[in-house]
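The values are calculated or read from the model by the stated rules, or taken from the named source; none is laboratory data. Remember, predicted model here, so these are calculated numbers, not experimental data. When we count neighbours, we look across all protein chains shown, and the Cβ atoms used for this are built from the backbone with ideal geometry, even at glycine. Surface accessibility is based on the protein's heavy atoms, side chains included, excluding ligands, DNA and RNA. Shrake-Rupley method; radii C 1.70, N 1.55, O 1.52, S 1.80 Å.
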Amino acid sequence: MKKSNGVLLLGDPRLRQKSEVIKDANDDSVQGAQVRLSQLLADFREEHGFGRAIAAPQIGAPIRMITCNLGDGVFHLINPEITWRSKEKITLWDDCMSFPALLVRVGRHRSISMKFQDENGDLIMWEKLPVDQSELFQHEIDHLDGILSVDRALDGESLVLKDIFDEHQEYLESQVTYLPRMAEKLPQPIE
């Protein structure tokens, strides 16, 4: 199967598999996947200029793990699970390492809460995340369930190549309620 710097590309059937729960975070295969994911995330960010997270299925490892770099270094989320979703939703142009030349207009919950284990196996709870993290983790957890953002496209007009998006950015941005650069301007969710 063809890969992009080790990242599986759209159409690879392994992206559609539901991932298995990790029983032992210290297992050699889990540790190896962490190393590969960390390196691929760094390489992808350098090559493409974006990429905050990558899910294990994107490298052909069908385990429930996400590797992130939100600006403060790399960390791993093991067995992440959404525990709450806001009623309020947003629409955005979603990008993905498995199809780096494509953007997909999707709807996501404005905020989520989630739980996961860290690299040491400690349970972590994150409550009512800000929109930028909420939309990211919804995307990545979808990967763990074999769901891609193309499956969540709002309609037949919700796919656009990045080059075309750049040519018509103002028009296409007017079609969504959330842009990544808006994150700091939006009020925090109220429930």
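Search the range 138-150 for residues that are of a type in the set (Val, Ile, Thr) and pair each with any residue that is open to solvent by less than 10 Å² (accessible area, probe 1.4 Å) and not in a loop (DSSP other than H, G, I, E, B) when their beta-carbon atoms are under 7 Å apart and the residues are at least 6 apart or on different chains.
Taking only residues 6 or more apart or on different chains, the pairs are 141/80; 150/104.
For the range 128-165, which residues satisfy the criterion of being touching a strand residue (DSSP E or B) at 6+ places or on another chain (Cβ under 9 Å), open to solvent by 20 Å² or more (accessible area, probe 1.4 Å), farther than 17 Å from residue 115 by Cα and outside any helix (DSSP H, G or I)?
153, 154, 155, 157, 159, 161
Any idea which of (1) under 15 Å from the mean Cα position of the chain (by Cα); (2) of a type outside the set (Gly, Ala, Ser); (3) closer than 22 Å to residue 51 by Cβ is the one residue 119 doesn't satisfy?
(1)
Answer yes if at least one residue in the range 34-45 is at negative phi and either among the β-branched types (Val, Ile, Thr) or in contact (Cβ under 8 Å) with a residue 60 or more places away in the chain (or both), and no otherwise.
Yes, some residue in the range 34-45 is at negative phi and either among the β-branched types (Val, Ile, Thr) or in contact (Cβ under 8 Å) with a residue 60 or more places away in the chain (or both).
Could you name every one of the strands (runs of 3 or more DSSP E) located completely within the range 1-102 that has at least 1 residues being open to solvent by 30 Å² or more (accessible area, probe 1.4 Å), of a type in the set (Asp, Glu) and closer than 18 Å to residue 135 by Cα?
Filter on the range 1-102 gives 74-85.
Look through the range 109-121, keep the residues that are in contact (Cβ under 8 Å) with a residue 60 or more places away in the chain and in contact with an Asp or Glu (Cβ under 9 Å, 6 or more places away or on another chain), and return whichever of them is most open to solvent (accessible area, probe 1.4 Å).
By that ranking, first place goes to 121.
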